[in-house]
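**Q** Have a look at this one before I ask anything.
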Amino acid sequence: MFSTLKTLITGANARAEEQLRDKYSIELIDQKIREAEGNQRAAKMTLASLIQRQRSEGRQVATLEGRIADLTGRATEALAAQRMDLAQSAATAIAEMENELTLRHETVVRLEARVLQLRQSLETAQRRITDLKQGAVMARATRREQDIQRRLNQSQSLGQSPMEEAEGLIDRVLAQDDPFETGQILREIDNSLSNSDVAQDLADAGFGTQRRSTAADVLTRLRQQT
C-alpha cells in the first residue's frame, strides 16, 4: 500500500511540475536564454585569456630565439678565438634556452589548439542562442494565439459568444412588428367591423353619394364659387 501511495504521489508531483512548466514556459525559455548568454560571456572571457597567453608565449619564443641566435654568434667567435671557457659557458646557456624554447613551442601549440577549439564552440553556441531567441519569438506568438483561442472557447462554453449575441439582437430588432403597418391593419379591422368599407365601395362604384372628398369634388366646388 505504501508503494502504491508513493507511486501516486510521484505521479501527482510530476503532473504538477509539467503543468507549472507549461504555464511558465515563456518565462523559463527567457531564463534559459539568459543563462546561455551568461555562459557565453564566461567562455568569451576564457578565450580572451587563452589568446593573451598564446600571444605572451609567442613573444617569449621570439625573445628566446633572438637570444639563442645572439649567443650562438658570440660562442662561435669565442671558439674562433680559442676561448673554450667562454664557448663552454655559452654552449651551456644555449642548451638551456633551446630546451626552454622547445617547451614554449609545445605550449604555444597546445594554446593554439585550445583557442581553435573554444572559438569553434563559441561560434556553435552563438548560432544556437540566435536560434533560441528566434524560437522564443515564435513561442510568444504561439502562446498569444493560444490564449486568444482559449478565451474564445471559454466564452462559447459559458454561453453565446459576443458575435452570436450581437447577431441575436439584430434578428430580434428586425423581427419586431412595424408600428405603422400595425396601425393600418387596425384601421382596416375597425372599418370592416363598422361596415364603412361596404358603403365606400358602393359609392366608388357610382351608387349613392361619395362619402369622402376627392380632387374632382374640390375642383367642382371651386368652379361653382367663381
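**Q** Students sometimes get this wrong: rank 97, 84 by accessible area, probe 1.4 Å, all chains present, largest first.
**A** On the way: 97 15, 84 110 Å².
These residues rank, largest area first, as 84, 97.
**Q** Using a 1.4 Å probe over the heavy atoms of the protein chains, calculate the carbon and sulfur portion of the accessible area of the range 54-156 as a whole percent. Could you put the intermediate results ahead of the total?
**A** On the way: 3940 of 7570 Å².
Carbon and sulfur: 52 percent of the exposed surface of the range 54-156.
The values are calculated or read from the model by the stated rules, or taken from the named source; none is laboratory data. Here the structure is a predicted model, which means the values were calculated and not measured. Note: accessible area is taken over every heavy atom of the protein model, side chains too, but ligands, DNA and RNA are not part of it. Shrake-Rupley method; radii C 1.70, N 1.55, O 1.52, S 1.80 Å.
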